[in-house]
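First the structure, in the form of structure tokens, and then the observations on it.
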There are 2 protein chains.
Amino acid sequence: MASCLISRQLSLCVQKNLWLSSAGCRYVSKAAAKTQVEYDYDGPLMKTTVPGPRSQVIKTKRVCLQNVGAVNFFCNYEDSRGNYLVDVDGNRMLDIYTQISSIPIGYNHPALLKLMTNPNNLSTFVNRPALGILPPENFPEKITESLLSIAPSGMTRVQTMACGSCSNENAFKSIFIWYRNKERGHNTPSEEELTSCMTNQGPGCPDLSILSFMGGFHGRTLGCLATTHSKVIHKLDIPSFDWPVAPFPRLKYPLEEFSRENAQEEARCLEEVEDLIVKWRQKGKPVAGIVIEPIQSEGGDNHASPDFFRNLRNISRKHGCAFHVDEVQTGGGCTGKFWAHEHWGMDDPAEVVSFSKKLLTGGYYQKDELQPYRIFNTWMGDPSKNLFLVEVLNVIRRENLLEEVARSGKALLNGLYELQAQYPGLLSRARGQGTFCAIDVRDAATRDRLLLQARDKGVLLGGCGDQSIRFRPALVFKEYHVHIFLNIFNDVLAQYK
Amino acid sequence: MASCLISRQLSLCVQKNLWLSSAGCRYVSKAAAKTQVEYDYDGPLMKTTVPGPRSQVIKTKRVCLQNVGAVNFFCNYEDSRGNYLVDVDGNRMLDIYTQISSIPIGYNHPALLKLMTNPNNLSTFVNRPALGILPPENFPEKITESLLSIAPSGMTRVQTMACGSCSNENAFKSIFIWYRNKERGHNTPSEEELTSCMTNQGPGCPDLSILSFMGGFHGRTLGCLATTHSKVIHKLDIPSFDWPVAPFPRLKYPLEEFSRENAQEEARCLEEVEDLIVKWRQKGKPVAGIVIEPIQSEGGDNHASPDFFRNLRNISRKHGCAFHVDEVQTGGGCTGKFWAHEHWGMDDPAEVVSFSKKLLTGGYYQKDELQPYRIFNTWMGDPSKNLFLVEVLNVIRRENLLEEVARSGKALLNGLYELQAQYPGLLSRARGQGTFCAIDVRDAATRDRLLLQARDKGVLLGGCGDQSIRFRPALVFKEYHVHIFLNIFNDVLAQYK
């Protein structure tokens, strides 16, 4: 792995904590000089294992709060910079998980800090409005500069929401209302509909369904959860809807070796989708919409071909179901295009595209025919998040971050290919688009151990699916950072030789 | 109405726009000198009807955004202060609706502005963490200073969430998990449960239910919506769960005249609750929890006696259902106590208390026996909102705002009593707790007209239920402001003589 020769200095710095000053260590890297992020640190610096003693102390004090068990460690966000998350023990880690893929341009980006010092912005933070009824004067302008400037093809309407789950819940509602209006053929509900809906009964509350995919994740509130099928722990004990669940293609890697098998697998899944649509219509629970992620993220970074999505889109049209692309995790540039569905090359990709995470605000785009009326709540988003988003988009454009992502992603995927060639019994199925990459580990226990070992050496990664590692760096993750990661990961893997 | 004599100057100021300078008009009021809010304006100032020409222009530009139809007008939040909301046409209105009851201590409170200028707080705004796994160092401290310092009796655990709907959705899930663990008697689900839940089927996704009340409002996402029964427009066309809906007492006013009838009405509703619990158990959809607002807010400001709630709490205990008090609108001090359920005088009021709006962050408290495990999402709230909440609570304590609310509330309710005595065919059922007051108007059309007429004279109010006006001022709404409101409202009503 020529490009990943371990620099002696880096190796020492990472493995033998505290050797170097807090100013950090320097690497010898070809890519470094050209692409380094100015406000970034120049490498990980580990002082303790993670969680360190200070994190442990805080954790024991926190017994009365929330779910302490899930806390990894406590963070020092003031000292975190760019691609580096600093913890309360002074450990500085290269962050390739970025708060579950929700930090777009790294920590404490100067453009965002500057925005905070502008006195004109203060009142946006201090006075959160009921955006649906009393928006601030600059709201249309901020939405035009931000969300509408990156609207998916064919979409001119956007609705902001507070989080990903609320975005999908309300998108589903929008789809149901659209579907019933189509069925009705007019806008006047019957007296029976008006009365019955007040006690949750039909015909006012109709037996409509959303078709989703095994392995998909669309959130954890009750409506979203009925379309989430990635882990038992999310779903067990929670009442749900009898909605159809289709298989998502399980592709074989390397793709070029299995093109025929994979095409067959995708055809099988599409056929099953059509069968389910027919079956649920016969059951009296017509499919009003199909919801899908461009890459199943929580479910294990499962990819499908652009052809699969184009065909699925056609099936949705044929059966009069809305097509809802959930870009909560894939949106925002990490695949090398702003929206992952752009890789499908379609002018009319969907009726609904939902987002959150890297977009900082939740929400969804929709086609004109899905009317926004009747979608409402108190806050309807948060204008302070829109302020940040305008700056994030400026940075993405100014610094050509989508191109950078494509470049870093290529280096990352090539590095993963090399690693899986080196460790064939341990690693497999390296895959990705942009820096949105993943690799499988031989089993869940080894995957989990690898994650902790990498963390103790200064690299934060996440798991997904049963046995995958997912890579979710910020958009400012450069080729330079890829090599830092590969060096450290190579070092971790050496123990498995 | 002795206490509400219209000051000649105020009347001129309000009715004949532009007569006075933008510094505003001065009132003669006994209460003014003592309680005036320092950073507040000293009265409404109307320059145009509302929405004014500038709002209209912005509205026409906004066709591609969200639901433009619902926008009342556009606001100038920079110039808004204390109890006064300023619009883009320079109209300054006494705000007794406060962004659907979500502004705790008025606009641009100096304490909140000061917090924004503290450089130590910047990174909390700029780096939103995944709070469930990587909390900031000061998170336990901020939660202890804020949410835990106001925890309802018997509750030591709190979970933050992004909004009211997410709070209720996750509280319901917590209740379902608790109920199933009780039913199971151990923590090991069967193989059949593990498999079936992945496709939304029983026994893994059990047929459990939440009992709610006709007229209740608990949010609009699919789980919450199944417990919301206030308006057709929220529910029509959206699939729902077959969950039981009990009648909420419809009290007759004045309460002292109808004490016997009202007690009977409450007994009837409680009996129906028990019948429904039995019936739904027989149906195979056991009631895992009962959700209720201390005052049904969206549904028309429907009150019930402390006895009703105490008896309902006992019924929940008797049948092993969790009792979930939804304080999203009633919480935060507006009833004169921090939580409305404190008026019931119980040591063990509930298993769950949810909140949002005036608390600035969503979330819910729960008793220890409801374990927090398995409740998770990316953001799990927003620490920047907790920062603000700490300051809001400091202001509430320092300025004795709960006492002020009790005082203003008494003046407001007395004023409403006098008005309904003066306009018996027009106004009725004046009711309230603290400043959380309401009054009924003879019909919906007249109510809506009254709201617009008051707005054009510089007072913002909201409607609720079929024909009620609801009062939802901030906690800094003093007796002084009550008199400004009553003067203006009296003036509006005079047209109906």
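The values are calculated or read from the model by the stated rules, or taken from the named source; none is laboratory data. Everything numeric here is computed off the predicted structure, so don't read it as measured data. Don't worry about glycine lacking a Cβ; one is built from the backbone with ideal geometry, like all the others, and counts go over all protein chains shown. Just the protein is used for accessible areas: all its heavy atoms, side chains included, with ligands, DNA and RNA removed. Shrake-Rupley method; radii C 1.70, N 1.55, O 1.52, S 1.80 Å.
Okay, here's what the table says:
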{"read-out": "Those residues of the stretch A:126-154 which are more than 21 Å from the chain's Cα centre (by Cα) and farther than 19 Å from A:Val390 by Cβ, in sequence order", "value": "A:Ala130, A:Gly132, A:Ile133, A:Leu134, A:Gly154"}
{"read-out": "Any hit, the stretch B:156-175, residues being surrounded by fewer than 23 Cβ atoms within 10 Å (Cβ to Cβ), β-branched (Val, Ile, Thr) and in a helix (DSSP H, G or I)", "value": "no"}
{"read-out": "Hey, B:Glu137 more than 9 Å from chain A (Cβ to nearest Cβ) and open to solvent by 10 Å² or more (accessible area, probe 1.4 Å) or not", "value": "no"}
{"read-out": "Any chance A:Ala130 is surrounded by 22 or more Cβ atoms within 10 Å (Cβ to Cβ) and within 7 Å of another protein chain (Cβ to nearest Cβ)", "value": "yes"}
{"read-out": "Pairs with Cβ under 6 Å, 6+ apart, first in the stretch A:337-364 and within 14 Å of chain B (Cβ to nearest Cβ), second open to solvent by 10 Å² or more (accessible area, probe 1.4 Å) and of a type in the set (Lys, Arg)", "value": "A:Leu360/A:Lys385; A:Thr361/A:Lys385"}
{"read-out": "Qualifying residue in the stretch B:161-168 (condition: polar (S, T, N, Q) and free of Cβ contacts under 8 Å to residues at least 12 places away in the same chain)", "value": "no"}
{"read-out": "For A:Arg374: the one exception among (1) within 14 Å of chain B (Cβ to nearest Cβ); (2) at positive phi; (3) under 21 Å from the mean Cα position of the chain (by Cα)", "value": "(3)"}
{"read-out": "All positions within the stretch B:465-478 that are buried (at least 24 other Cβ atoms within 10 Å of the Cβ), in contact with a strand residue (DSSP E or B) (Cβ under 8 Å, 6 or more places away or on another chain), of a type outside the set (Gly, Ala, Ser) and within 24 Å of B:Gly299 (Cα to Cα)", "value": "B:Ile469, B:Arg470, B:Phe471, B:Arg472, B:Pro473"}
{"read-out": "Failed criterion for A:Leu461 (all others in (1) open to solvent by 10 Å² or more (accessible area, probe 1.4 Å); (2) out of contact with any strand residue (DSSP E or B) (no Cβ under 7 Å at 6 or more places or on another chain); (3) not charged (D, E, K, R) hold)", "value": "(2)"}
{"read-out": "Looking only at the stretch B:354-384, and only at residues there that are charged (D, E, K, R) and open to solvent by 20 Å² or more (accessible area, probe 1.4 Å), the one that is farthest from B:Glu293 (Cα to Cα)", "value": "B:Arg374"}
{"read-out": "All positions within the stretch B:241-292 that are open to solvent by 20 Å² or more (accessible area, probe 1.4 Å) and part of a strand (DSSP E or B)", "value": "B:Val245"}
{"read-out": "Qualifying residue in the stretch A:105-128 (condition: assigned to a strand (DSSP E or B) and touching a strand residue (DSSP E or B) at 6+ places or on another chain (Cβ under 8 Å))", "value": "yes"}
{"read-out": "Selection count where residues are facing chain A (nearest Cβ under 9 Å) and either of a type in the set (Asp, Glu) or assigned to a loop (DSSP other than H, G, I, E, B) (or both), scope the stretch B:178-201", "value": "6"}
{"read-out": "Search result, residues across the stretch A:293-322 that are in contact with a helix residue (DSSP H, G or I) (Cβ under 7 Å, 6 or more places away or on another chain) and hydroxyl-bearing (Ser, Thr, Tyr)", "value": "A:Ser305"}
{"read-out": "Qualifying residues in the stretch B:140-154 (those that are in contact (Cβ under 8 Å) with a residue 24 or more places away in the chain and open to solvent by 10 Å² or more (accessible area, probe 1.4 Å)) - the one nearest to the other protein chains (Cβ to nearest Cβ)", "value": "B:Ala151"}
{"read-out": "Members of the stretch A:339-353 found to be surrounded by 24 or more Cβ atoms within 10 Å (Cβ to Cβ) and under 18 Å from the mean Cα position of the chain (by Cα), listed by number", "value": "A:Trp339, A:Ala340, A:His341, A:Val352, A:Val353"}
{"read-out": "Subset of the stretch B:109-142 [of a type in the set (D, E, K, R) and in the same structural domain as B:Lys358 (by the TED database)]", "value": "B:Arg128, B:Glu137, B:Glu141, B:Lys142"}
{"read-out": "Residue list for the stretch A:129-152, filter: farther than 26 Å from B:Gly106 by Cα, assigned to a loop (DSSP other than H, G, I, E, B) and touching a helix residue (DSSP H, G or I) at 6+ places or on another chain (Cβ under 8 Å)", "value": "A:Ser146, A:Pro152"}
{"read-out": "Matching residues, the stretch B:202-215, being touching a residue at least 24 places away in the same chain (Cβ under 8 Å) and facing another protein chain (nearest Cβ under 7 Å)", "value": "B:Pro206, B:Asp207, B:Leu208"}
{"read-out": "Where B:Gly332 falls short, out of the listed (1) under 29 Å from A:Gly69 (Cβ atoms); (2) within 14 Å of chain A (Cβ to nearest Cβ); (3) of a type in the set (Gly, Ala, Ser)", "value": "(1)"}
{"read-out": "Among (1) part of a helix (DSSP H, G or I); (2) modelled with pLDDT of 85 or more; (3) farther than 30 Å from B:Ile143 by Cα, the one test that A:Asp40 misses", "value": "(1)"}
{"read-out": "Search result, residues across the stretch B:313-337 that are surrounded by fewer than 22 Cβ atoms within 10 Å (Cβ to Cβ) and among the hydrophobic types (A, V, I, L, M, F, W, C)", "value": "B:Ile315"}
{"read-out": "Positions within the stretch B:55-85 being touching a Lys or Arg at 6+ places or on another chain (Cβ under 9 Å), at pLDDT 75 or above and hydrophobic (A, V, I, L, M, F, W, C), in sequence order", "value": "B:Val71, B:Phe73, B:Phe74, B:Leu85"}
{"read-out": "Filtered residue count, the stretch A:216-235, keeping only those that are in a loop (DSSP other than H, G, I, E, B), open to solvent by 10 Å² or more (accessible area, probe 1.4 Å) and either facing chain B (nearest Cβ under 9 Å) or touching a Phe, Trp or Tyr at 6+ places or on another chain (Cβ under 8 Å) (or both)", "value": "3"}
{"read-out": "Every pair of residues 6+ apart whose Cβ atoms lie under 7 Å, when the first sits in the stretch A:394-422 and is within 14 Å of A:Arg472 (Cα to Cα) while the second is in a helix (DSSP H, G or I) and open to solvent by 30 Å² or more (accessible area, probe 1.4 Å)", "value": "A:Ser408/A:Glu479"}
{"read-out": "Residue match in the stretch A:94-111 (condition: farther than 24 Å from B:Gly132 by Cα and either modelled with pLDDT under 95 or of a type outside the set (Val, Ile, Thr) (or both))", "value": "yes"}
{"read-out": "Residue count, the stretch B:479-492 (criterion: within 16 Å of B:Gly432 (Cβ to Cβ) and open to solvent by 10 Å² or more (accessible area, probe 1.4 Å))", "value": "1"}
{"read-out": "Condition met for A:Asp301 (surrounded by fewer than 22 Cβ atoms within 10 Å (Cβ to Cβ) and away from chain B (no Cβ under 14 Å))", "value": "no"}
